[in-house]
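Please read the structure below before turning to the comments.
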Amino acid sequence: MTHAIAGAAAARLFPSNPVAAFIAAFLSHFVLDAISHWNYKLLSHKKNPSDPLNGDMIFGKKFIIDISKIFLDFIAGIVLSIWLFNPQSDYQTSILILGALGGMLPDALQFAYWKLKIEPFRSLQKFHRWIHTKYEIENHLVLGVISQALIIAIIVVISRLLG
Ligand SMILES: [Zn+2]
């Protein structure tokens, strides 16, 4: 959800250039990953401790649950973005949605990597893992929710100050 909102927040700074808006949203993902780490656990993600780059995603019931979670999260992110940024036209709304998509795309590309294990997904995956903060708060629900709410508030303030 935070990634969708951050993407929308970045995209709305480029109201007349959807390509720049999308790229800004895409990049916002990595900035956010570098400062905050609180993801829901993916049930179908199989980690490989000896070779972290060699994870996989197992298709099945758990995968369906994961996808549903991500989809709901994405929708919630769009609804919140629209509420927070109050677009004045359909065009502005679509920029926000484009931004939310761009903000979440890097995580979707991880699926692509796990399944295909080819370039350019491989390099992107390496970069993605590298930039992720090592500070894990995954297991602290309250701390996680508070920190995410705080980060969303900061993102909204910055985005509104800039444009
Ligand atoms: Zn990420």
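Every read-out reported here was derived from the displayed coordinates using simple, explicitly stated rules and does not represent laboratory data. Worth saying up front: this structure is predicted, and the values here are computed from it rather than measured. Cβ atoms come from the backbone with ideal geometry, glycine included; neighbour counts cover every protein chain shown.
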What helices in the chain pass both tests, a Cα length along the helix axis of 20 Å or more and a mean Kyte hydropathy of -0.5 or higher, using whole DSSP H runs? 18-35, 61-85, 90-116, 141-162
Listed with the fewest Cβ neighbours within 10 Å leading, V157, V142 appear as V142, V157
As a footprinting exposure proxy, order I118, I152, I5 by other Cβ within 10 Å, with the fewest listed first. I118, I152, I5
Hey, can you rank 14-24, 61-71 by average C-beta count inside 10 Å, highest first? 14-24, 61-71
Which residue fluctuates most in the GNM of the chain (Cα springs below 10 Å): V79, V145, V31? V145
